[in-house]
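Asks: Right, I'll just put the structure down here and ask away after.
Here, each number is a calculation from the coordinates, and none is a lab measurement. These figures come from a predicted structure and were not determined experimentally. Don't worry about glycine lacking a Cβ; one is built from the backbone with ideal geometry, like all the others, and counts go over all protein chains shown.
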Amino acid sequence: MPEIIWTIIEASIKALAVVGGIQLMAALNVYLERKISAFAQNRIGPNRVGPFGTLQPFADVFKLFLKEDIVPKNADKFFHSLAPVLSLSIAIAVWAVIPFSSYVDIGDRRIYMGIAPDINVGLLFILAMTSVGVYGITLAGWSSNNKYSLLGGLRSSAQMISYELSMGLSLIGIVLITGSLSLNDIVNHQLAWDGWRWNIFLQPVGFVIFLITAFAETNRAPFDLPEAEPELVGGFNTEYSGMKFGMFFLAEYANMTTSSVLIVLFYLGGWALPVPAETLGLKDGSIALAAAHFLVFFIKVLMLLFFFIWVRWSIPRFRYDQLMNLGWKILLPISLLNVLLTALGVLYLK
Amino acid sequence: MLQSIPLEYYLIISAVIFIIGSIGVITRRNAIIIFMSIELMLNAVNLTLVSFSSFLGDVSGQIFVFFVMSVAAAEAAIGLAIILALFRSKQTIYVDEVNLLKW
Amino acid sequence: MTLSVVLFAVLSILAIASALVTITSKHPIRSAMGLVFHFFMLAGLYLTLSAQFIAALQVLVYAGAIMVLVIFVIMLLNLGDEEKLKYKVNPRQVIGIFLGAALLVMLGTIYVTNVSVAGFNKEIAANIGTAQFLGNELYTKYIFPVEAIGILLTAAIVGAIVLAKRKLN
């Protein structure tokens with residue numbers, strides 16, 4: 001079967017590229033976070049390793065590799081080692097269905113930029129993976145045999161369950177408008193109107209809800225209660241050290257990248273060029289057009305990453321009861337209403 | 001590519017899982033593990049329904065699985081709430097220690 | 001052909017093994033993680049049956065929602081290992097295993113002797129497994145059960161809140 005062999009080769013190359021890309025993005029995030037936080041606090045930030053401190057994240061990782069790996073005496077050894085692996089692998093698994101550019105035609109073979117972006121349950125897969133992502137943190141909290149870790153793990157699972165609902169409901173609006181669960185279709189639907197039929201214009205309320213829940217699902221400030229350092233020492237990763245801690249760290253930044261990418265794909269037009277491709281003289285399926293699409297996409301993702309970091313260093317953390325009130329009493333009713341209004345709109349206007 | 005597995009294999013797997021679940025329900029004392037064993041049995045039935053649905057080319061099996069999942073979700077919410085209430089009043093979730101009708 | 005056989009064998013053996021882990025481990029968290037793994041393997045088996053929507057729902061509902069809730073409760077109650085009973089041989093276990101074996105033999109004979117269906121048609125199966133087809137069926141032919149399930153879920157939410165809430169006084 002030569003066809004299946006080609007498919008496997010194509011998928012492996014894409015998978016390697018995606019995994020490598022996520023690691024690089026995590027490094028970029030760490031650098032941006034340290035620089036922007038320094039700027040926000042009137043400091044200089046990393047400036048010793050490499051030009052402008054750009055190699056600082058790599059130095060951090062080497063430091064983590066060389067650290068001693070400590071497992072607490074009464075910890076559950078198996079789950080203590082499993083938890084970080086689970087966290088990181090699920091953060092990467094989401095990328096199986098995420099496209100990051102249009103397609104390239106090589107010969108008579110159409111290659112989509114993404115491992116399996118046109119699978120017709122892509123959106124459900126993403127929701128499933130984000131909801132499974134909580135296991136890493138919860139298990140880390142439980143297996144460390146430490147009260148702070150346990151509290152962090154409990155908070156994390158409660159928070160994820162609460163915000164997942166609003167996240168799913170806000171995406172239903174998009175599914176209603178697009179009529180498909182495949183991420184490629186969702187982006188292609190936004191390419192109409194000369195590339196300006198972005199879902200943010202059709203679904204402003206859904207966008208705000210998705211943005212808030214994305215912060216909550218990635219445990220980023222102001223929703224970083226699972227690792228609230230003034231209350232819980234280090235939260236779920238109190239008892240972790242060395243590369244196991246590094247894996248949680250990587251998973252957090254990978255999740256941040258994933259959330260930004262998802263917001264761009266779902267609401268901000270994906271790789272839609274600001275002007276039609278014909279005016280730039282680019283053909284469908286050419287490498288140049290795919291590169292231009294990727295560039296637009298990447299710039300949008302970078303701006304969202306900046307936004308994520310900006311919010312973290314500007315807004316104080318929620319109290320736990322405020323978090324639950326926001327999730328259940330405000331976001332959930334609004335997202336239900338949004339689904340209802342979108343359904344009426346699709347029924348009568350489309 | 002995938003036709004080579006006969007329906008009977010799926011049914012036998014599902015029967016084995018169902019029996020494992022039922023043994024769990026009968027032998028364990030911890031209410032949460034009993035609850036999980038019931039989920040195992042439900043899933044075994046789901047596997048049977050989906051395999052029949054795919055082999056017969058009839059969608060109603062999968063629709064049924066959809067309903068089973070909704071009922072399982074409702075059951076999880078209620079069951080876990082009952083377990084919590086039980087723990088609060090008896091400080092145990094072992095079913096053989098809960099032997100009074102009224103306390 | 002061999003690829004699909006290997007896939008099926010691995011998935012089903014892992015599914016049965018993790019089901020056994022679920023009912024045999026002492027600590028409920030280990031049971032729960034065994035069950036989560038079992039659900040993933042079942043999702044894989046659904047994929048070999050071309051039921052992709054059900055496979056995604058399996059992970060989303062069972063692994064993502066129900067089991068997170070179960071683990072949350074286990075951690076909240078801070079349960080430890082299940083202690084042994086006082087007597088050595090638990091009659092309930094003996095009876096349970098015996099009954100289970102009898103049931104297995106019964107189901108096995110019924111399935112192996114009495115089932116005869118036409119072969120697996122991948123095109124038809126892949127068509128009915130999509131979200132679009134299932135959604136159409138659900139909201140036209142099965143609209144009444146969907147509404148009933150909605151009422152059931154609402155009742156379950158209310159019931160869970162009433163049961164879990166502390167007495168106000």
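Asks: Put +1 on the Cβ of every Lys and Arg and -1 on every Asp and Glu Cβ in the protein assembly as shown; which of C:THR109, A:ASN219, A:TRP196 then has its Cα farthest towards the positive end of the dipole?
Replies: A:ASN219
Asks: Take every residue in peptide B:32-44, count the Cβ atoms of other chains within 10 Å of its Cβ, and give the average of those counts.
Replies: 6
Asks: Counting other C-beta atoms within 10 Å, and keeping those with at most 12, which DSSP coil trypsin sites (Lys or Arg not before Pro) do you find in the stretch A:241-303?
Replies: Here the trypsin sites (Lys or Arg not before Pro) that fit, given the DSSP loop and packing criteria, are A:LYS283.
Asks: To the nearest 20 debye, what is the magnitude of the charge dipole of the protein assembly as shown about its Cα centre, counting +1 on the Cβ of each Lys and Arg and -1 on the Cβ of each Asp and Glu?
Replies: Charge dipole, the protein assembly as shown, about its Cα centre: 1700 debye, nearest 20.
Asks: Can you work out the Karplus-derived ³J(HN,Hα) for every residue in the stretch A:238-247? Use 6.51 cos²θ - 1.76 cosθ + 1.60 with θ = phi - 60°, whole Hz, and x for glycine or proline.
Replies: Along the stretch A:238-247, the couplings run 4, 8, 9, 8, x, 6, 5, 4, x, 5 Hz.
Asks: With +1 on the Cβ of every Lys and Arg and -1 on the Cβ of every Asp and Glu, and nothing else charged, how large is the dipole of chain C about its Cα centre, in debye rounded to the nearest 20?
Replies: So the magnitude is around 680 debye.
Asks: Can I ask one more? When only Cα pairs under 8 Å and 6 or more residues apart are kept, what is the percent relative contact order across chain C?
Replies: 20 percent
Asks: Shifting gears a bit: Could you run the Karplus curve 6.51 cos²θ - 1.76 cosθ + 1.60 with θ = phi - 60° over the stretch A:267-284 and give me ³J(HN,Hα) per residue in whole Hz, x for Gly and Pro?
Replies: 10, 9, x, x, 9, 4, 6, x, 10, x, 5, 5, 5, 8, x, 10, 8, 4
Asks: For the stretch C:6-67, what class follows from the C-alpha gyration tensor (a ≥ b ≥ c being the square roots of its eigenvalues): rounded when a/c is under 1.5, otherwise prolate if a/b is larger than b/c, else oblate?
Replies: oblate
Asks: Quick one: putting +1 on the C-beta of Lys and Arg, -1 on the C-beta of Asp and Glu, what dipole do you get for chain B around its Cα centre, in Debye to the nearest 20?
Replies: Dipole of chain B, to the nearest 20 debye: 460 debye.
Asks: May I pose another question? Once each part is reduced to its C-alpha centroid, what is the distance from the stretch A:124-143 to the stretch A:271-287 in angstrom?
Replies: One Cα centre to the other: 39 Å.
Asks: So what are the three principal axis dimensions of the stretch A:73-349 from its Cα atoms, in whole Å, longest to shortest?
Replies: Its Cα atoms span 64, 43, 33 Å along the three principal axes.
Asks: While we're looking at this one, here's another question. Could you tell me which residue out of B:MET41, B:ILE82, B:LEU56 lies farthest along the dipole of the stretch B:8-96 toward its positive end? Charges go on the beta carbon: Lys and Arg +1, Asp and Glu -1, centred on the Cα centre.
Replies: Farthest along the dipole direction, towards plus: B:ILE82.
Asks: Rounded, prolate or oblate: which fits the protein assembly as shown, taking a ≥ b ≥ c as square roots of the Cα gyration tensor eigenvalues, rounded meaning a/c under 1.5, else prolate when a/b beats b/c?
Replies: oblate
Asks: Give me A:SER81, A:SER87 ranked fewest to most by other Cβ atoms within 10 Å of their Cβ, as a rough exposure proxy.
Replies: Neighbour counts put them in this order, fewest first: A:SER81, A:SER87.
Asks: For the stretch C:7-48 and the stretch B:1-68, write down the distance between their C-alpha centroids in whole Å.
Replies: 12 Å
Asks: Excluding A:ILE315 itself, calculate the net charge of residues whose Cβ lies under 12 Å from the Cβ of A:ILE315, where each Lys or Arg counts +1 and each Asp or Glu counts -1.
Replies: After counting each charged neighbour, the total is +2.
Asks: Would you mind calculating the relative contact order of chain A from Cα pairs under 8 angstrom and at least 6 residues apart, reporting the percent as a whole number?
Replies: Answer for chain A is 23 percent.
Asks: Cα gyration tensor of chain B, axes a ≥ b ≥ c as square roots of the eigenvalues: rounded (a/c below 1.5), prolate (a/b > b/c) or oblate?
Replies: Prolate.
Asks: Any idea what the relative contact order of the stretch B:8-96 is, in percent, if you count C-alpha pairs under 8 Å spaced at least 6 apart?
Replies: Value for the stretch B:8-96: 30 percent.
Asks: Ok, one more. Sorting A:TRP196, A:TRP142 on the 10 Å Cβ count, fewest up front, what's the list?
Replies: In increasing order of surrounding Cβ atoms, one gets A:TRP196, A:TRP142.
Asks: May I ask you to order B:27-34, A:322-329 by the average number of other C-beta atoms within 10 Å around their residues, highest value first?
Replies: Ranked by mean Cβ neighbours within 10 Å, highest first: B:27-34, A:322-329.
Asks: Still on this structure: Using a 10 Å cut-off on Cβ to Cβ distances, tally the other chain neighbours for every residue of C:38-45 and report the average as a whole number.
Replies: Across C:38-45, the average partner-chain Cβ count within 10 Å equals 4.
Asks: Per residue of B:87-98, count partner chain C-beta atoms within 10 Å of its C-beta, then hand back the mean as an integer.
Replies: Neighbouring Cβ atoms belonging to other protein chains average 2 per residue here.
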